[in-house]
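This report refers to the structure that appears directly beneath it.
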Amino acid sequence: MPTVSATAYVDDSAILIGDVRIGDNVYVAPAVSLRADEAYPIIIGDECNIQDGVIFHGLEGSSIELGKRISIAHGAVIHGPMKIGNDSFVGFNAVVHASTLGEKCFVAHGAVVIGVKLADGKFVPPATLVDTQYKADALGDIPDDLKYFNDEVIKINKEFASSYGLKSKMRRIGIR
């Protein structure tokens with residue numbers, strides 16, 4: 001059964017199946033699917049945000065683990081086995097499968113990362129396919145104009161977790 005921190009917000013339309021563990025101050029948006037029916041556990045660390053339409057799933061016998069302060073943007077697919085380090089960002093409609101991302105990695109919108117290990121601080125440009133370790137090792141660092149992008153996303157989504165969670169509690173006790 002899923003376990004969700006009391007300080008997390010999980011939208012009513014999100015689907016959590018199996019051993020899903022959601023940490024403190026996490027925001028899980030509408031239409032998210034966290035399926036720990038084959039890959040388990042799925043661990044979402046503190047202060048992460050899983051945005052609209054994201055799918056988490058994995059190969060049988062694998063797991064998915066997110067560190068802290070990670071953003072998974074709208075429509076991304078995270079497929080285990082998977083481990084993502086603290087303070088990383090995965091962009092709109094990106095696909096990350098059978099990989100390990102170090103801390104402070106940035107996978108831009110529409111990128112595809114398959115079967116590799118990204119070192120800390122690596123940048124995957126938009127719409128790039130990274131499917132060999134050679135390609136992963138050749139990636140550059142996050143551009144200066146994007147170094148603090150995830151910090152802003154985390155800040156906003158922590159506010160969503162808090163305010164949406166409060167609104168949900170108020171509705172449950174009859175306050176509009």
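The values are calculated or read from the model by the stated rules, or taken from the named source; none is laboratory data. The structure presented is a predicted model; accordingly, all values stated were derived computationally and were not measured. Heads up, the Cβs are rebuilt from the backbone with ideal geometry, glycines too, and the neighbour counts pull from every protein chain shown. Side chains are part of the model used for accessible areas, which takes the heavy atoms of the whole protein and leaves out ligands, DNA and RNA. Shrake-Rupley method; radii C 1.70, N 1.55, O 1.52, S 1.80 Å.
Observations on the model:
- Sequence of Ser162, Ser88 when ordered by accessible area, the most exposed leading, probe 1.4 angstrom: Ser162, Ser88
- Using the alpha carbons alone, the radius of gyration of the chain stands to its Kirkwood radius in an Rg to Rh ratio of 0.98.
- Listed residues Lys83, Lys135, Lys158, most fluctuating in the chain (Gaussian network, C-alpha, under 10 Å): Lys135
- Rounded Å value of the spacing that divides the Cα centres of segment 34-79 and segment 94-161: 15 Å
- Square roots of five times the Cα gyration tensor eigenvalues for segment 1-97, Å: 16, 15, 13
- Assuming charge only on the beta carbon of Lys and Arg (+1) and of Asp and Glu (-1), the dipole of the chain about its Cα centre is about 540 debye to the nearest 20.
- For the options Gly140, Gly53, Gly75, a Gaussian network treatment of the chain with springs between C-alpha atoms closer than 10 Å singles out Gly140 as fluctuating the most.
- Candidates Ile70, Ile50, Ile156: whichever shows maximal mean-square fluctuation once the chain is modelled as a Gaussian network with Cα springs under 10 Å: Ile156
- Surface accessible to a 1.4 Å probe, per residue, for the residues of segment 1-144, Å²: 42 Å²
- Distance (nanometres) between label positions extended 7 Å along Cα→Cβ at Asp137 and Asp151: 3.2 nm
- Low-density loop positions, chymotrypsin sites (Phe, Trp or Tyr not before Pro), segment 125-157 - DSSP coil, at most 16 other Cβ in 10 Å: Tyr148
- Folded to 0 to 90 degrees: helix 149-172 orientation relative to the chain principal axis, Cα: 20 degrees
- Fraction of accessible area attributable to carbon and sulfur, the chain (%, probe 1.4 Å): 55 percent
- Positive-pole candidate from Ser63, Val116, Leu129, dipole of segment 26-176, charges at beta carbon: Ser63
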